[in-house]
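Report on the structure given below.
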Amino acid sequence: MPTALPPSRDAALEARVFWIRFKNEIAAVIVVALLAVIGFAGYRFYSDQRDSAASALLSSAKSAPDYQQVVARYPNTPAGAAAYLLLAEAQRNEKKFIEANATLQVFINKNPNHELATSARMAMAANLESMGKTDEALSMYQRIAASYPKSFNAPLALYSQVHLLKAKNQNEDARRVCEAILTQYRDSFWAGEAARVLRSLKPVGPSQPVATPTIPPFLAAPSPTLAAPKPSSPKPRP
């Protein structure tokens, strides 16, 4: 098997000449690489320390002002994201629905791809319901179901439309929503709930008897099948 030949004097000389010519540039590249490694390590250390401090502060938070402090000090941390949701829940419990929705919207803007982003939207729709804005709530539920069909909140967003549609006497639309849940999310908990509601909805169509107005007896025409009684003939005398 052939063996590698040792470098010639010419190759060694060329490497020495290359080092002499570009030693400053090579040294600069090495320094930049070392600084990048040190900077990345420092950033990771800082991030870990910051996340730990944010988590510790969140674990001790019990009220809306406490959650606001976490958000103010650590807005871009996982604990800060959770603090937005907890703050919105605290505001909802205090009937501050407008403030709660504003907090949830900030959370969505900062964390559009968060796994709980659809939960935040569902909470916003529920707050709209609590404020009596049922049309806006219905529209938001519809957008959630259409925009996030694979989310775990999608069947709930559909089911949440049903009672709003029934309240608006739109039973046929409510029926279609229940059927969509049974078709698209048949293995979910909400499919069973949709089936129960579907059984309670009366069918609307040609098969359903239509009530006719009742005519008062004194306005009704006489029945043609009833003949007028014949006058009785006088009995013969014995």
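The values are calculated or read from the model by the stated rules, or taken from the named source; none is laboratory data. Computed from a predicted structure; not experimentally measured. When we count neighbours, we look across all protein chains shown, and the Cβ atoms used for this are built from the backbone with ideal geometry, even at glycine.
Those helices (runs of 4 or more DSSP H) of the range 126-187 in which at least 1 residues are modelled with pLDDT of 95 or more, of a type in the set (Asp, Glu) and under 27 Å from Gln91 (Cα atoms), considering only elements entirely within it, cover 134-147. If the condition is being in a helix (DSSP H, G or I) and either touching a Lys or Arg at 6+ places or on another chain (Cβ under 8 Å) or of a type in the set (A, V, I, L, M, F, W, C) (or both), then the range 104-120 contributes Leu104, Val106, Phe107, Ile108, Ala117, Ala120. Considering (1) surrounded by fewer than 16 Cβ atoms within 10 Å (Cβ to Cβ); (2) in a helix (DSSP H, G or I), the lone condition that Ala191 does not fulfil carries the number (1). If you check Ala88, Ala72 for being of a type in the set (Gly, Ala, Ser) and exposed (fewer than 14 other Cβ atoms within 10 Å of the Cβ), only one passes: Ala72. Taking each residue of the range 85-111 that is closer than 17 Å to Pro75 by Cβ and free of Cβ contacts under 8 Å to residues at least 40 places away in the same chain and looking for partners that are polar (S, T, N, Q) and assigned to a loop (DSSP other than H, G, I, E, B) with beta-carbon atoms closer than 9 Å, six or more apart or interchain, yields Lys110/Asn76.
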